[in-house]
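The values are calculated or read from the model by the stated rules, or taken from the named source; none is laboratory data. What you are looking at is a predicted structure, and each value in this text was computed from that prediction instead of being measured. All Cβ positions, glycine included, derive from the backbone under ideal geometry; neighbour counts span all protein chains shown. What goes into the accessible areas is simple: the full protein's heavy atoms, side chains included, and nothing from ligands, DNA or RNA. Shrake-Rupley method; radii C 1.70, N 1.55, O 1.52, S 1.80 Å.
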Amino acid sequence: MAKIIVITSGKGGVGKTTTSASFASGLALRGHKVAVIDFDVGLRNLDLIMGCERRVVYDFINVINNEATLKQAMIKDKHCDNLFVLPASQTRDKEALTKEGVERVLKELSQEYDYIICDSPAGIETGALLALYFADEALVVTNPEVSSVRDSDRILGILDAKSQKAERGESIKAHLLVTRYAPKRVDAGEMLSLEDIQGLLRIPLMGVIPESETVLQASNAGTPVIHMQGSDVSEAYKDVVSRFMGEEKPLRFVQAEKVGFLKRLFGG
C-alpha cells in the first residue's frame, strides 16, 4: 500500500506546488514509484511546474466522474520514468471534488504506487480539506513570517481534528518545511528565525529551503527545482528527501555567509 503525503499550508504562495514537484521527484529519483496529484481545482499549476501542461488530456475530475480512467489521465514525468502526474481541472468548480471520488482514486493508486503526494491548495476550502483528509503524513510548508506561521498553525489544528486519522483517534505525522529562508534578513530582524517558527508550531523540522531566484527560473522552465544541479535550492530539497527517508543530514543554508575583510574593504 502506498504512503499518502499531503503538502499543505494555510497561506498561498509559500511554495507548496514547488515543494510537491521537487519532493515527488526526489522520491522518484531514489527508485520509488510516485504519483503526485494536483488538488487545486480551477487553477492547476502543478502541470506547469513539472513541464507537462501541453500533455494534459484528462484530469482528476474526469477520473472522479468516470469520464476517463486513471491510466488515461496520468502523465509520465519527462525526468523520471517512475513519476506520474494527475493534473487538476482548470474549468470545473472546486465542489466537483468529492470525498468518495477522492477515496476511490487514492485506493486505486495505492495498489500500484509507493508514494502518493497530494499538492493541496491554500486555505481550508474543499480541495484543501480533501487533500489532507486521507493523508498518512503531512509536510507543512511555511515562510518565515508571522501570517504564514499563524495560518500553518491553523492547518495543524485541522489535521488534528478533521482528517480520517483524527476520526479514528490517531494522528497524522506532521513535518515542518520552512521555505524562502534568508539568514541575512533573519539576522536583521526582518524574518522569523527557525527557533521562533519551531516554538510557535511545535512540530519537527524536516528542512529549510533558502530564498533563491533559481525557483522562479525552474518554474518558468517547467522543471522541478530539485533538477537544477548545483543550486542551493536543489541541494536543500535533496536533503529534505533524505531526512524523510530516515537519513541524518545537517541543516544547510541557515547561516548568513560571512564576508571576509578584503571583500568588505574592496566590495564585490
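A compact table of results
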read-out: Some residue of segment 1-15 being at pLDDT 95 or above, over 17 Å from Ala138 (Cα atoms), among the β-branched types (Val, Ile, Thr) and surrounded by 21 or more Cβ atoms within 10 Å (Cβ to Cβ); value: no
read-out: All positions within segment 51-76 that are over 22 Å from the mean Cα position of the chain (by Cα) and in a loop (DSSP other than H, G, I, E, B); value: Val57, Tyr58, Asn65, Asn66, Glu67, Ala68, Thr69
read-out: Selection count where residues are in contact with a Ser or Thr (Cβ under 7 Å, 6 or more places away or on another chain) and either of a type in the set (Phe, Trp, Tyr) or surrounded by fewer than 19 Cβ atoms within 10 Å (Cβ to Cβ) (or both), scope segment 30-43; value: 1
read-out: Residue satisfying all of: in segment 55-73; crowded, with 21+ Cβ neighbours inside 10 Å and touching a strand residue (DSSP E or B) at 6+ places or on another chain (Cβ under 9 Å); farthest from Ala24 (Cα to Cα) among these; value: Val63
read-out: Flag for Arg168 being under 15 Å from the mean Cα position of the chain (by Cα) and open to solvent by 30 Å² or more (accessible area, probe 1.4 Å); value: no
read-out: Ala131, sole failed condition from (1) surrounded by fewer than 21 Cβ atoms within 10 Å (Cβ to Cβ); (2) under 17 Å from Leu106 (Cβ atoms); value: (1)
read-out: Test: Ile203 is crowded, with 20+ Cβ neighbours inside 10 Å, in contact (Cβ under 8 Å) with a residue 12 or more places away in the chain and not charged (D, E, K, R); value: no
